[in-house]
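The values are calculated or read from the model by the stated rules, or taken from the named source; none is laboratory data. Everything numeric in this text was worked out from a predicted model, so none of it was measured. Neighbour counts run over all protein chains shown; Cβ positions are idealised from the backbone, glycine included.
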Amino acid sequence: MSKKVVVIGITALIIGLLTAGYFFIRAKNIPVSPPINAVPNSAMLIVESNNLPGLLESLSDTNFIWKGIRDFSDFDDLAYQVKYLKQLFAGDPAVAAMTEGNTFMVSLHPTGKNKFGFLYLLGAGTKGNLDNITDWLNENINEQFNVTERENDGVTFYDAETTGTARYKKFTYAIYEGVVIFSFNSMLVEEAVDQAKSGEAITENPSFKKIAATRGKNVAANIYINYKLLPNLLNTLVVKEKSGLVQMLKTLSGWSVLDLNIKQDELMLYGFSAGDEKEKSWFKVMNGQTPAAFHIEEIIPNNSLFFMAMSVDKPEIYKKDLNDFRGGKNERLNTINARAGIDVGKIFYSILNNELGVIKTNFPMLTDKDNTFFVMNTKGTSMAEDELVKLLKSWAANENKSFEGIKSQYCVDKEMSFPVYNCPFENLPAILFGDVFGEAGSSWFAFYNNYVIFGNSKEAVSKFLYANVLQKVLYLDIDYRSYRESLSAKANAYVWVNLAIKPEFLSGYLDEKTYAAVKNNFSHINKFQALAMQFTADQDMIFSNIFLKFNPKVHWEEPKTVWESRLDTCVAIKPKLVINHESSEKEIFVQDMNNNIYLINSAGRIMWKKSLDERITSEVYQVDYYKNRKLQLLFSTRSKIYMLDRLGNPVEKYPVELRAPSTNGLALFDYDNNKDYRMFIACSDKKVYAMDKDGKLLKGWDFSGTDHNVYNPVQHFRIEDKDYIVFSDSLRTYVVDRKGEIRVNIKEYFPISPNNIFYLEQEPKTKKHRMVGSTSEGKIVYIDFEGAVTIAEMPARSRNHYFEFKDFDGDTYNDYIFVDKNKLEVYNYERSLLFTHQFEDEEILRPVLFIFPDNSRRMGIVSPMKEEIYLFEYSGEIYEGFPLRGATMFSISEIGKSTGKFNLLVGSKNSFLYNYAVQ
């Protein structure tokens, strides 16, 4: 059907424009009838433009909206014809000049059972000489078409049929009172002439007349919608089970006019709707309410496919208007009242506070039915819960049922749970508030932030609650909030459709042919972010605002995670797994880009959030400060050292202010494993400070200072009974004892790479210990504990490369692992290249080696700009299931209940902490 529509539409433009061009040349200044007078009353949709050249010009290759539509395979004909028309205007500027300012119309009509056709009309501005028009047509059309004339009631009709290789075969046109009328369906041309003769134009319809007076003048086009007839077309696109939803459009209004505005990456339609004052319409129900700002987005899960919300600030008026719309009958509610032994409607309307909504989500493992929810804002959770519990108890008493079986609990974790209630009444949303909520069920409900949430199963309601606990809601999504800025702040109704998701959910709505077309073109559909519609009461009319946004970079499709926990902004540090000393469970400590720190439990719930002045620059350590098996968190920023208890509160006299800004991160040592901790940190005064666990300067430490700033963490090695404290500035490496006195004199000066540390190894042949590091040029440096230095040549690298010296393959010999800019290289112990991998990103982050309980080892790599994380096998192969979405360094461990899988914790670009399950 879509191809037929396009064929008719564009061919009509070609023929109509050419005919009208000649018409303008030959005859002028003779009054004619407007094209609208010839539009038959069967019109479901009318498009009107007074600037056809301008409209075509907006459909350029730089316009993302047009480009996205043009790329649809089913719109190939449309792209072809628009290109042809633009060439026509470019080749003959006179054609464009003479059509500019004249009314062009396209209208959609039924032409048989489940068949539809377009009618095209162009107001030529004069009543030209028919012979002259015929001469022009003969000159320009006869090469491809045979034209046959026939007369009917004084009007000549022209039937044209191709004789060559023209793309389209037959069409009919006529000229009546200066209006060129064209269609591929001859019946529509005849109906248009009859309509014009009748003198009963569509403009006499009261609803049409009212909205036509509001249409914009300087817009690309005006679009008229006939709500009474358009469902006849839409019903051919949906499955029979959903035809009732389409038929509801008939109750909305009479006619609507929308002004079309096309920008490079946006399409906007806005205008008014009006119904016949004598007829019932849903818009009249809406009109009794006040437009309001919606807050429902604050609880809608961010994986939602669709939602429709309504503002109901005057519940009793809404109830009355809805009852009038229904004709004063609601037998279903009477039945429920009898079963409940109480006035159910009265209870719900008494707790309603402005907002009603139906939401369709995309939770995995839930059916389409279970992914549909009804939500209602209440005057308060406590009040609403009391009233609905009273209702359930009344029903239980009336039906001789036990209330105990109605209430259950959804437990997020050991510390947080929600009561969830089993509701015995089906289809309550539609029965109480109108059939627009007919998709939503009411079998189970729970409360969150003063909203009552109804769903079709306890599992579904639980998932909805969990999304809110983790703050995975639409309102907090950056892309959604940016999109929302283009919409009105207030409305009576708000509809939002997510276009950037997989189309499978549509299979239950669209008929087989339409669904196949959508699926085949989905790679183009999901370049559009979303479609939004707002409806606002304006006296006795409704103002509509429709917005379509092209944004191919939006990720609405969720990663397949165990959970995702939203932070205030993006994760700034590698997630740190810490032990809860009370339960022995693992929790996650993390900091965001706003310097907030969080402790998150194994269920993804944020247990606390604190604000710091600066970014954490060190490792995050757990210490037993009091030596009582209760653990604290220890870390440093540029100017302070922090120690926090498990509730996020400072311990003793912490935080400790540093004497100068630090240049590296805090290092923590427990020399004798007796919890007498020692802390080391280098500062911008070129001193390395040693402190006890209270943050006091360590007595006996007497290091005079470094030549330059120290950027790498201070390290500690113990060999036999000797301790070695190691740190480096830009040219010199220092090896000192516990007092800060030089223990090893390094016999050479060389620049150590600023991003890397030393690794201790026992050389296999000599059995002597030595330190292994990387120079700023990427050469390997070996330093023994007598001060001898050996440098091994390696390919040159940038100063900011990363170096790891660890046993990747588990053969007890360490391997050399380098990351420089966007390249990963792995060498074995003999420094032979094993594999290399180049990434698309400009720079990747430090590699991390993960060792699993079975001694298998994998290398983790982050490609932050591409938002991809990798695990590499020793062979260089990417581990199965990777890459995954993520943008920060990540941690892998088991958290929560044992499932046979590990948890991978990583930050995303959209302010989430992701928890993946990996094998």
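Miscellaneous remarks
- Check on K490, within 25 Å of K369 (Cβ to Cβ) and either in contact (Cβ under 8 Å) with a residue 24 or more places away in the chain or over 19 Å from the mean Cα position of the chain (by Cα) (or both): no
- Breaking point among (1) modelled with pLDDT of 95 or more; (2) of a type in the set (S, T, Y); (3) crowded, with 19+ Cβ neighbours inside 10 Å, for S611: (3)
- Hey, V246 free of Cβ contacts under 8 Å to residues at least 60 places away in the same chain and in a strand (DSSP E or B) or not: no
- Residue count for the stretch 852-890, restricted to those that are surrounded by fewer than 19 Cβ atoms within 10 Å (Cβ to Cβ), more than 31 Å from the chain's Cα centre (by Cα) and without any contact (Cβ under 8 Å) to a residue 24 or more places away in the chain: 4
- Answer from L658, L634, L698 - the residue that is more than 45 Å from the chain's Cα centre (by Cα) and either buried (at least 18 other Cβ atoms within 10 Å of the Cβ) or among the aliphatic types (A, V, I, L, M) (or both): L698
- Checklist (1) touching a Ser or Thr at 6+ places or on another chain (Cβ under 6 Å); (2) closer than 27 Å to M308 by Cα applied to I342, failing item: (2)
- The set of residues in the stretch 207-239 being among the charged types (D, E, K, R) and either over 15 Å from N261 (Cβ atoms) or not in a loop (DSSP other than H, G, I, E, B) (or both) consists of K209, K210, K228.
- Lone qualifier among L392, L428 - being of a type in the set (A, V, I, L, M), buried (at least 19 other Cβ atoms within 10 Å of the Cβ), touching a residue at least 12 places away in the same chain (Cβ under 8 Å) and within 30 Å of V246 (Cβ to Cβ): L428
- Boolean, F808 is touching a residue at least 60 places away in the same chain (Cβ under 8 Å), surrounded by 20 or more Cβ atoms within 10 Å (Cβ to Cβ) and touching a strand residue (DSSP E or B) at 6+ places or on another chain (Cβ under 8 Å): yes
- Unmet requirement for Q838, which otherwise passes all of (1) closer than 20 Å to A887 by Cβ; (2) surrounded by 14 or more Cβ atoms within 10 Å (Cβ to Cβ): (2)
- Being surrounded by 13 or more Cβ atoms within 10 Å (Cβ to Cβ), of a type in the set (F, W, Y) and in a strand (DSSP E or B) is a property that F717 has.
- Flag for P575 being touching a residue at least 40 places away in the same chain (Cβ under 8 Å), surrounded by fewer than 21 Cβ atoms within 10 Å (Cβ to Cβ), farther than 16 Å from L476 by Cα and under 25 Å from the mean Cα position of the chain (by Cα): no
- Candidates T251, T236, filtered to the one that is β-branched (V, I, T), more than 30 Å from the chain's Cα centre (by Cα), under 27 Å from V358 (Cβ atoms) and surrounded by fewer than 19 Cβ atoms within 10 Å (Cβ to Cβ): T236
- Within the stretch 296-341, the set of residues being of a type in the set (D, E), without any contact (Cβ under 8 Å) to a residue 60 or more places away in the chain and either in a helix (DSSP H, G or I) or within 30 Å of Q529 (Cα to Cα) (or both) comprises E316, D321, D324, E331.
Results for (1) touching a helix residue (DSSP H, G or I) at 6+ places or on another chain (Cβ under 8 Å); (2) modelled with pLDDT of 90 or more, shown as yes or no for each residue.
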position	(1), (2)
A160	yes, no
T165	no, no
M187	no, yes
Y224	yes, yes
L237	yes, no
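- Among (1) touching a residue at least 40 places away in the same chain (Cβ under 8 Å); (2) crowded, with 17+ Cβ neighbours inside 10 Å, the one test that I478 misses: (2)
- So D259, is it farther than 18 Å from M105 by Cβ and in a strand (DSSP E or B): no
- Some residue of the stretch 273-294 being under 28 Å from the mean Cα position of the chain (by Cα) and surrounded by 23 or more Cβ atoms within 10 Å (Cβ to Cβ): yes
- For the stretch 720-739, the set of residues classified as crowded, with 19+ Cβ neighbours inside 10 Å and over 52 Å from the mean Cα position of the chain (by Cα) consists of Y724, V735, V736, listed by residue number.
- Filter pass, T561 being surrounded by fewer than 18 Cβ atoms within 10 Å (Cβ to Cβ), modelled with pLDDT under 95 and of a type outside the set (D, E, K, R): no
- Of the residues screened, F818 is not one that is crowded, with 16+ Cβ neighbours inside 10 Å, over 17 Å from I780 (Cα atoms), among the aromatic types (F, W, Y) and touching a Leu at 6+ places or on another chain (Cβ under 8 Å).
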